1. With charges only on Cβ, +1 for K and R and -1 for D and E, what is the dipole size of the stretch 84-207 about its Cα centre, in debye, rounded to 20?
2. Roughly how far apart, in whole Å, are the Cα centres of the stretch 391-457 and the stretch 330-350?
3. Could you tell me the relative contact order of the stretch 59-185? Use alpha-carbon pairs under 8 Å, at least six residues apart, and round to a whole percent.
4. List the residues whose amide H sits under 5 Å from the amide H of N227, counting only those 5 or more places along or on another chain, with H placed 1.01 Å from N in the peptide plane.
5. Please list, ordered by chain and number, the residues whose modelled amide H lies under 5 Å from the amide H of C216; skip anything fewer than 5 residues away on the same chain.
6. Choose one of H412, Q233, Y297: the residue whose Cα lies farthest towards the positive end of the charge dipole of the chain (beta-carbon charges +1 Lys, Arg; -1 Asp, Glu; about the Cα centre).
7. Strictly over 23 Å apart at the Cα level, which of K72/K136; K20/K275; K20/K304; K55/K432; K165/K333; K165/K304 would you flag in this model?
8. Subtract the Cα-Cα distance of D6 and A312 from 0.36 nm times their separation in residues, and report this length gain in nm to one decimal.
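The values are calculated or read from the model by the stated rules, or taken from the named source; none is laboratory data. Please read these numbers as outputs of a predicted model, since none were measured by experiment. Cβ atoms come from the backbone with ideal geometry, glycine included; neighbour counts cover every protein chain shown. Areas reflect the complete protein model, heavy atoms only, side chains present, ligands, DNA and RNA absent. Shrake-Rupley method; radii C 1.70, N 1.55, O 1.52, S 1.80 Å.
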Amino acid sequence: MSQETDLELNNRNTVHEICKPFVLDDDTLRKIKDLFLNDIKMGLCKATNYKAVVKCWITYVQSLPSGCETGKFLALDLGGTNFRVLCIYLEGQANFHMDFEVYEIPEKLLVGPGRDLFDHIAECLAKFIKTLGVKKDEELPLGFTFSFPLKQNGLDKGDLVAWTKGFNCPGVVGRDVVELLREAIDRRGDINVDITAILNDTTGTLMSCAWKNRNCKIGLIVGTGSNACYLEQLKYVSTYEPEADNRVPTMIINCEWGAFGDSGSLEFVRTKYDKEIDDVTHNRCHQLFEKMVAGMYLGELVRKLMLDCCKAGALFKGNESEQLNKENTFKTKFISQIEEEKRGTYVITKAILEMMGYKNPTDSDCENVRYICECVSRRSAHMVATNLACLIDRIGDPYVVVGIDGSVYRYHPHYHDLLMQKIRCLARPEHKFDLMLSEDGSGRGAALVAAVAARIKSKEMEKSEHKRSRMLRRSEARKSNKIS
């Protein structure tokens, strides 16, 4: 064995040792599963919800779509630095078509006054509606996807709990964001919109997939951020008091699982790299699970591991490039691109490393960088799979479909398979499942919630009109009897 080969072996062992905290065995994952179940129960219980970190917010969405919904609906999808406005035409039999536009949120609005943010959204909404040629007297129902922690007090009422994903607009936390949007629309006075529902992207994903497959009872996002919702039995939700005439036994629960671990329960698996990333975020000590699994953070985790391996002399002969020393230079998309490349082929990897300041990395360097990427992405998938296994077991159906959206799930070449393998390992064997890629859950899902809300509203109006007519007939009958 040559000296060079000995060096490569030593370097590989050093890299593996540095990455070791990211490799979680099944016993550790089962412990995480039990902790998550305990947090779910705390969130659902009225007596403990106030101290629960996994809040299990009520969405007020009780009914899944039938697939027969028809009509024209607007959807507003806000979840990042770009947002979309859509007009979706539901045609029944799970058919639809749509028009949409993507609008950018200027960086200054991400941390500026909340009023300015909502004025900008209303301005873009008005521009879009005018391109549709909507008549002035036509009122369009709108479903508002708002992908931030939200406490709902009704289907069209939701208070922002905390900003995430780089937003930090003052004057919004604790306020009803539907009301803030309505005020911005009213200030304009040039569009006629009825905001019938607010939801987050996980609820939209669940609804969108359930429109195609009625077995879908979990909605999951693994993208810039991460969260999940699921269909729960109302008898286990003491935080909700249904009206007397409510006959629907279920409710979609927005877990807000990004905050899992905020109580300290995940300290036994958080690494020094997770803590370093948390220290420089707007929401330090919050959304700790999300910061371990979501796309906003995975690239930076890889960079920090690469830098430590470099400092240990196990990468790039110990040479630290200027780019490697800068925060957020290693993009999460690089992880997917590196892992998609056939093992032993390093064309893409070398191009990425050149962008990171390394013109002639060795094949050994490339393989070690790939291993670092695999450790970070695998830990993400395994922790997400653990929580999904918990929800699948909690629902308890023989077969459950999980609707999934988000850039990490969509574009990472092995994320789907990693989820499937680990859920099979951790969920009870009698609970079968499938993972279903969502087709525009945050857009079409918002329109579907608006459609279901409009259908329920129409039925309530019919019921009210029928009751009024019946009372009128009785009154007329009494008058007739008196006359006779």
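1. Numbers: 14 positive and 20 negative charges, 52 e Å.
For the stretch 84-207, the charge dipole is close to 260 debye.
2. A separation of 27 Å, based on Cα centres.
3. Value for the stretch 59-185: 26 percent.
4. Residues meeting the criterion, in which the H sits 1.01 Å from N, are I221.
5. V401
6. Q233
7. On the way: K72/K136 15 Å; K20/K275 16 Å; K20/K304 14 Å; K55/K432 27 Å; K165/K333 17 Å; K165/K304 20 Å.
Over 23 Å apart, Cα to Cα: K55/K432.
8. On the way: separation 306, 0.36 × 306 = 110.16 nm, distance 1.60 nm.
Gain in length upon complete extension: 108.6 nm.
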